[in-house]
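The structure under discussion appears below in the form of structure tokens.
What follows is calculated from the coordinates using simple rules that are stated; it is not laboratory data. Computed from a predicted structure; not experimentally measured. Virtual Cβ from ideal backbone geometry, glycine too; neighbours counted across all protein chains shown.
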Amino acid sequence: MFASSEQTVSNSNILLLSATCAIALAIVHLFSGKLHLLRKTPRNQWLSIGSGVSVAYVFIHILPELNLAQQTIESSLETALSFLEHHVYLVALLGLAVFYGLERYAIESRQRNQKVGKGDVTSSGVFWIHITSFAVYNALIGYLLLHREEQGIQSLFLFFFAMALHFVVNDYGLREHHKAIYDRIGRWILAAAIIVGWVIGSATVIDKAAVAVLFAFLAGGVVLNVLKEELPEERESRFLSFVLGAGAYTILLLAL
């Protein structure tokens, strides 16, 4: 009876802490644009550090777990996920491809608008496609605050910290594509999506195979969204800052 009571208290603590993390991530979207120093070229070192942390989390924490996720999916052959029996990494690749396509779509829209004198900004239709897609992405992250492969407070905070810095990097790129409409509408939608994802997570439980698939898709999305911000030559990115962020967070993840 006492063990059951302690478990209930622990679950309540996790629920409260995850809700706090969801609200904090939403605040990141709402206020990261106030950090004007991040908008400078050459790229601010803190953006590159944040990118390094995000990538380190994917490669050190998420990708190794995909091996376990593969076993989880293989043991769920009776479910609708059975077609993924040996292909969990394809889901990560799908996540990367989806966000690569969205990035190219936004860039081409900006180029078309520039040619016809409408300014260096995406069209309204592209904005809504982009924001809707990232809203789903954010809702997924909100959901995974409660349902991760590895449970516990330590895992929660490692995930939260990596995603908070990742959102700062994402905001930078989205604001560059969509300009004023992102600050007026987009950031509010993305902030709300995190909360919606958390609420769904608090009310539903899915099997481990589905969680594994979601994490794989997230891994691919994070890698693409970081690299698209760090690799273009015009960004003048800070390589040493990127390495510092990735190296420091790798050491932390391996030490814990």
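A few points about this structure:
- Segment I153..S124, full-extension length gain: 6.4 nm, with 0.36 nm per residue of separation and the alpha-carbon distance subtracted.
- The equivalent ellipsoid that matches the C-alpha gyration tensor of the range 178-232 spans semi-axes of 26, 20, 5 angstrom, in descending order.
- Spin-label model, A192/Q111: points 7 Å from Cα along the beta carbon direction are separated by 3.4 nm.
- Around M163: net Lys/Arg minus Asp/Glu count, Cβ-Cβ under 14 Å: 0
- Segment L244-L17, length gained on full extension (0.36 nm per residue, minus Cα span): 78.9 nm
- Viscosity 0.692 mPa s, 37 °C: Kirkwood-radius Stokes-Einstein D of the range 161-256 over Cα pairs, µm²/s: 207 µm²/s
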